[in-house]
Amino acid sequence: MNDYKILVNGKMITKKEKLNITSPINSEIIGTVPALSKNDIDKIYRSSEIAFKEWSALEPKLRIKYIEDIKKNLIKMRDEISITMCIEISKPLKSCYQEFDRSIEYIDLTIKSYKDKFMNPKIIDKSIHNVEGKNGFFYRVPLGVVLAISPFNYPVNLSLAKIIPALILGNTVVFKPATQGSLVGSLISKAIYEANLPAGVFNIITGKGSEIGDYLIENNLISMISFTGGVDVGKNIANKKSMIPLVLELGGKDAAIVLKDANIVESAKEITKGTFDYSGQRCTAIKLVYLEKSIADKFIKEVSKNVLELSIGNPIDNPDITPMINQSAANWGKKLIDDAVKKGAKIITGGNMDNNLLFPTVLSEIKKNMLIFDEEQFAPIMPIVIYEDINEVVNSFNSSKYGLQGSIFSKNIKKAHELAKRLNTGTININKSSSRGPDIFPFLGIKDSGFGVQGIDWALESMSRIKGIIENN
Ligand code: G3P
């Protein structure tokens, strides 16, 4: 078992007080990280604040060079990071490699966008805009200390998607990985350490959420928070930090609407994937399926065939379904299944659990009085609602407390577009399940799904502000 060190104020440190990280695969301790105290956190924010002056004043091309070095170091650690991720969060190994590669591409795209759109000021003057007597230079400048908090389900991608844009702009970063994801976080910090950034530019905090969770977000030196995680924590952050920019990516109840002219085989295949990838532990996973009545039997038959073919096992062997992140996540899924069944839902397949492994489950005849109609399962469960009137579907869709994404399956693209316009959510996908990528797209949620926009250009925007310098002639 490894004692993982973390980067704090220019040094890789360890501490006597430690946090054990266990694998969801077999509950064995797979490593420890330092359990930082409140005092440690105070020092970290101070070091970030001090480092900001020098880092933000550095020539952009030098910051880009540091980012390139971080990327090179990460690439050298591709296997170590991907395998650690697989064991730490029980994600199929192949998906861990995909996440890693996607993140490297994210770095490249961020560098490109920064160079093309953020490095130089926007000029508003007479020549282009017909402004008399004034030349305006509008720069993008960093905000200060950015607190980046990442979730367990994308410990590399949703960490680097916050850290890299923040750093390249000239912000300093305090990074808090999810507890399950701390080992990967420590490896990311090692890659940054080996790129020799000035002390304090990047700090990582690991420790017990119950002791430092609130304290972490209260510090007055924080200039911006980018958080991905649960709704309750997101709301707590929003309540505590009212006068700084926030980007919050919270839950979702992304529904798929299957119209009667949909290609049944293709949509059943896509919806199976969209529901069960990483055992449903994605905010963009499909969490409710609306099926038009006349195609319901055929679709359910097709989907249950697909689900029965899903492989189950140890993530290292690349199955489709793996043990869930922890026991309480699996218990929550089981509770939603039992509640639905008690209220009249039909189990098409699955419904059982073995410790924290929840078998892929398809539930039909879901009604509004069942918990799973509204609540986010974050688990391998496909609840199906059979509908006759599309207007009722639009009403239910729009009355969800969430508003992240949704999807429509139909051969009639024009009709799908019209329906998409009526759905009140961040993004609608036509003939594809909901998803954040490609990262070049803006990604956002409304209502309890959060606010602020992510995606390459938008992350850069959210972590900087405009500074105008106006020459008056
Ligand atoms: O749950 C996190 C969310 O960002 C999902 O991303 O790429 O699986 O759609 P993705």
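Does any residue of the stretch 55-65 turn out to be within 25 Å of Ile212 (Cβ to Cβ) and either buried (at least 20 other Cβ atoms within 10 Å of the Cβ) or at pLDDT 95 or above (or both)?
yes
Looking at the stretch 68-81 only, could you name the residues that are surrounded by 23 or more Cβ atoms within 10 Å (Cβ to Cβ) and of a type outside the set (Val, Ile, Thr)?
Of everything in the stretch 68-81, just one residue is surrounded by 23 or more Cβ atoms within 10 Å (Cβ to Cβ) and of a type outside the set (Val, Ile, Thr), namely Leu74.
For Leu93, indicate whether it is away from the ligand (no atom under 16 Å from the Cβ), modelled with pLDDT of 95 or more, farther than 15 Å from Gln454 by Cβ and touching a strand residue (DSSP E or B) at 6+ places or on another chain (Cβ under 8 Å).
Taking the combined requirement at face value, the residue does not satisfy it.
It is to be established whether one or more residues within the stretch 459-472 are assigned to a loop (DSSP other than H, G, I, E, B) and within 13 Å of the ligand (Cβ to nearest atom). Show your work before the answer.
Here is the first cut: in the stretch 459-472, the residues assigned to a loop (DSSP other than H, G, I, E, B) are 463.
Checking which are within 13 Å of the ligand (Cβ to nearest atom) leaves us with none.
No: the stretch 459-472 contains no residue that is assigned to a loop (DSSP other than H, G, I, E, B) and within 13 Å of the ligand (Cβ to nearest atom).
Tell me yes or no: at least one residue of the stretch 442-458 is open to solvent by 80 Å² or more (accessible area, probe 1.4 Å), over 30 Å from Val173 (Cβ atoms) and at pLDDT 95 or above.
No: zero hits.
Which ones in the stretch 124-161 are within 16 Å of the ligand (Cβ to nearest atom) and either free of Cβ contacts under 8 Å to residues at least 12 places away in the same chain or of a type in the set (Gly, Ala, Ser) (or both)?
Of everything in the stretch 124-161, those that are within 16 Å of the ligand (Cβ to nearest atom) and either free of Cβ contacts under 8 Å to residues at least 12 places away in the same chain or of a type in the set (Gly, Ala, Ser) (or both) turn out to be Ala148, Ser150, Ser159, Ala161.
Just one of Ile286, Ile312, Ile316, Ile300 is under 28 Å from Glu392 (Cβ atoms) and away from the ligand (no atom under 16 Å from the Cβ); which is it?
Matching residue, one of Ile286, Ile312, Ile316, Ile300: Ile300.
Say we look at the stretch 249-275 and pick out the residues that are closer than 29 Å to Gly452 by Cβ and surrounded by fewer than 24 Cβ atoms within 10 Å (Cβ to Cβ); which of these is nearest to the ligand (Cβ to nearest atom)?
Per the criteria, the residue is Gly251.
Determine the pairs where a residue that is open to solvent by 50 Å² or more (accessible area, probe 1.4 Å), located within the stretch 412-436, has a partner that is away from the ligand (no atom under 16 Å from the Cβ) and of a type in the set (D, E, K, R) with Cβ atoms under 9 Å apart, the partner being 6 or more residues away or on another chain.
Asn412/Asp261; Lys415/Asp261; Asn424/Lys447; Asn431/Glu266; Asn431/Lys411
Considering Leu216, Leu291, Leu310, Leu221, which residue is open to solvent by less than 10 Å² (accessible area, probe 1.4 Å), out of contact with any His (no Cβ under 6 Å at 6 or more places or on another chain) and farther than 22 Å from Ala161 by Cβ?
On the way: Leu216 fails: farther than 22 Å from Ala161 by Cβ; Leu310 fails: open to solvent by less than 10 Å² (accessible area, probe 1.4 Å); Leu221 fails: open to solvent by less than 10 Å² (accessible area, probe 1.4 Å).
Sole residue among the options that is open to solvent by less than 10 Å² (accessible area, probe 1.4 Å), out of contact with any His (no Cβ under 6 Å at 6 or more places or on another chain) and farther than 22 Å from Ala161 by Cβ: Leu291.
The values are calculated or read from the model by the stated rules, or taken from the named source; none is laboratory data. Given the structure is predicted, the values throughout are model-derived calculations rather than measurements. For neighbour counting, all protein chains shown are included, and Cβ atoms are generated from backbone atoms with ideal geometry for every residue, glycine included. Heavy atoms of the whole protein, side chains included, go into the accessibility calculation; ligands, DNA and RNA do not. Shrake-Rupley method; radii C 1.70, N 1.55, O 1.52, S 1.80 Å.
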